[in-house]
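Structure first, commentary second.
The values are calculated or read from the model by the stated rules, or taken from the named source; none is laboratory data. Being a predicted model, the structure only gives us computed values, none of them experimental. Every residue, glycine as well, gets a Cβ built from its backbone with ideal geometry; the counts of neighbours run over all protein chains shown.
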Amino acid sequence: MTILSVRQAIREAMREELLRDDKVFLIGESLGPYGGSFKLTEGLLAEFGPEKIMDTPLSESAIVGCSVGAAMMGFRPIAELMFADFVTIGMDQLVNNAAKMIYLHDGALPLPLVLRMPEGGGATMGPHHSQCVESWILNIPGLKIVLPSNAHDAKGLLKSAVRDDNPVVFIEHKLLYNEKGEVPEGEYTVPIGKAKVVREGKDISIISYSYMVKKSLEAADILAKEGIDAEVVDVRTLRPLDVETLAESVRKTEKAVIVHEAPVTGGAGGEIAAVLQEAAFDYLDAPIGRVGALETPVPYSYTLEQAYLPNTQKIVDKVKQLVTR
Amino acid sequence: MYVEKLNPKDYEKLYYYLYLTRYADELICKNYKQGMLQESHHSCQGEEAIAVGSGILLGKDDYVCPSLRARGYFYLKGATLKEMMAGMYGKVTGPSRGKNTSHHMGDMDRGIVCGSGIIGGALPVAVGVGLGIKKRGSKGVVLVSFGDGSTSRGDFHEAMNLAAVWKLPVLFVCENNRMAMGNTIEGEMAIDRVAIRADAYGMPGVTANGNDVLAVYEATAAAIERARKGGGPTLLEFTTHRWTGHGVKDADAYRDRAVVESYKQDCPLDNFRKVLLAKGILKKRDLDRIEKAAMKEVDDAVEYAVQSDHPPVDIVATNVYV
């Protein structure tokens, strides 16, 4: 084992995949000398050269569309958007080309592309650089959506994404980049489509993903001191969703709260709640709770942004409300 | 002059595909009105010379991403009339067993890049294909066709710019029929020619008569040669006219009938026939023979489409992923 930050883990995954497969290349804005907006690609230009680390103009639609075309030609692009918010500009290419290309060829054409993007608030970056976009993308069959919560998963899931023959949206949380964790030395992957119980408990299932897994674990520690034994499940992949692992946890604890940073309305929590009541209705002992951001744009100022975001206390409060009702 | 290198067989081929495209289109429009087709057809009548005159130059290492009114590219790149027609009828023998329309069908093995129903949406994808060609070290090119309407979209800008910056072997072929659905060109852009937009990207922009198949051939051949030599992309603008409504359901009531009828005096088929006969390249009986063969291919395709089965329902949720 070695200790890596999420940033280092993602960089290592890209580096190892670049070395492993000549078809892999990186494409995005200021990836080369600049090293990427969050320095994910730092040092890669020197090692792999400009044909593998491709800097584009500020053209998100062209970045995504060009990646689709290159993938159709048998290459395996890893595209980066500076901020997940910018996916709106590349959305047509993502929705109408990337997601549909395999179906429109009736499975005869693989489309191996990874679209990486950092999302989330907490860095006072304002309303256009802080949003959580996964539910915007969730209603599109043909894509896979991966949101790692730690360095181990970030590296293993990204390597799986690069080797996947389907388009994978790989959503990183910018507050996780400096989070350190244990990562195995040498080759490993984490399968796409598998959730993970990251803390066992018997009283309630806190179901979360990305940065909110950290907050959910903090909440579980606080709740433990108050005699509430919470289980924390990391969804890891929103599409395909590992319904069975989530349902199994809920069948055990008989209660569930879903925690994500995106606003509650129309968020992934609604979808997860729906599949859980289908899969575990007879086991549920309380309504399924949801914790998310407020129904506003992401405010800029620190105090406002902190009030907007879900946090450990909000999770604790929601769990208590469900457990003691 | 590239056209000087054309031999009689090439001329026959050009005429064959011009005629086939026209005849197929007329039949499609007729049969659609009788309720026999499912695909919303966008007629290419009057614009055939653009796809045929440029598409004939594409080889097996080249790719094409055809737009709505560019049927000739499909036929010249090896999509069969039968599968295309079956696609129009929504049959299982059509592209991707009925999952895709014929007018956006794609098959990378034959060099046909799947199109998009979003006008201009295919341009960035074509740039990616161009990048793939360059990465492979191939001498191929990719030709992406679109209408004047597409040039108002941001994707046109992003695709043109990136292709120019990276000097990719992309031919941007604009069929300028001076209409974007119901809007006329004066309402689309404040310039007279689409091709001058090329200046803004640092690539050549060429305007040629899209109703003269040999002018299309000549301009395209030069752009292809440039791209194959590593010179990068070219914007080719071919001027033409739309003879019909936007789609087959459009009665075209918003245009002056006399003006639309006048467009038919500049028919790309008639124009080419005159050249062929005047120069003695082909004789009237050659044209008759070619037309007959083209008609047979189309008629056989319609028969095949009519006889084909509808897709079985159990395939609907297959192959969303590989």
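Set side by side, the residues A:A274, A:A307, A:A279 differ, and just one is surrounded by 14 or more Cβ atoms within 10 Å (Cβ to Cβ), in the same structural domain as A:D234 (by TED's automatic domain parsing) and either assigned to a strand (DSSP E or B) or not charged (D, E, K, R) (or both), which is A:A279.
Of the residues A:E42, A:E16, A:E51, which single one is within 14 Å of another protein chain (Cβ to nearest Cβ), over 22 Å from B:C114 (Cβ atoms) and not basic (K, R)? Of the residues listed, the single one that is within 14 Å of another protein chain (Cβ to nearest Cβ), over 22 Å from B:C114 (Cβ atoms) and not basic (K, R) is A:E51. Within segment A:37-45, is even one residue in contact with a strand residue (DSSP E or B) (Cβ under 7 Å, 6 or more places away or on another chain) and either within 29 Å of B:I112 (Cα to Cα) or not in a loop (DSSP other than H, G, I, E, B) (or both)? For segment A:37-45, residues in contact with a strand residue (DSSP E or B) (Cβ under 7 Å, 6 or more places away or on another chain) and either within 29 Å of B:I112 (Cα to Cα) or not in a loop (DSSP other than H, G, I, E, B) (or both): present.
If the condition is being in contact with a helix residue (DSSP H, G or I) (Cβ under 6 Å, 6 or more places away or on another chain) and farther than 22 Å from A:M125 by Cα, then segment A:292-318 contributes A:I315, A:V316. Screening B:Y321 against (1) touching a residue at least 12 places away in the same chain (Cβ under 8 Å); (2) surrounded by 15 or more Cβ atoms within 10 Å (Cβ to Cβ) leaves a single unmet condition, (1). A count restricted to segment B:112-141 and to residues that are outside any helix (DSSP H, G or I) and either facing chain A (nearest Cβ under 9 Å) or in contact with a strand residue (DSSP E or B) (Cβ under 7 Å, 6 or more places away or on another chain) (or both) stands at 12.
Taken over segment B:237-265, the criterion of being of a type in the set (A, V, I, L, M, F, W, C) and either assigned to a loop (DSSP other than H, G, I, E, B) or within 14 Å of B:M181 (Cα to Cα) (or both) is satisfied by B:W243, B:V248, B:A251, B:A253.
Within segment B:290-315, the only residue that satisfies the criterion of being surrounded by 11 or more Cβ atoms within 10 Å (Cβ to Cβ), without any contact (Cβ under 8 Å) to a residue 12 or more places away in the chain and over 26 Å from the mean Cα position of the chain (by Cα) is B:Q307.
Within segment B:237-289, the set of residues being of a type in the set (S, T, N, Q) and surrounded by 12 or more Cβ atoms within 10 Å (Cβ to Cβ) comprises B:T239, B:T240, B:T244, B:N271. Mind listing just one residue for me: the one in segment B:87-103 that is at the interface with chain A (Cβ under 7 Å from one of its Cβ atoms) and assigned to a loop (DSSP other than H, G, I, E, B) and, of those, nearest to the chain's Cα centre (by Cα)? Looking at residues that are at the interface with chain A (Cβ under 7 Å from one of its Cβ atoms) and assigned to a loop (DSSP other than H, G, I, E, B), I get B:N100. On the basis of being within 14 Å of chain B (Cβ to nearest Cβ) and part of a strand (DSSP E or B), does A:I171 make the cut? Answer is no for this residue.
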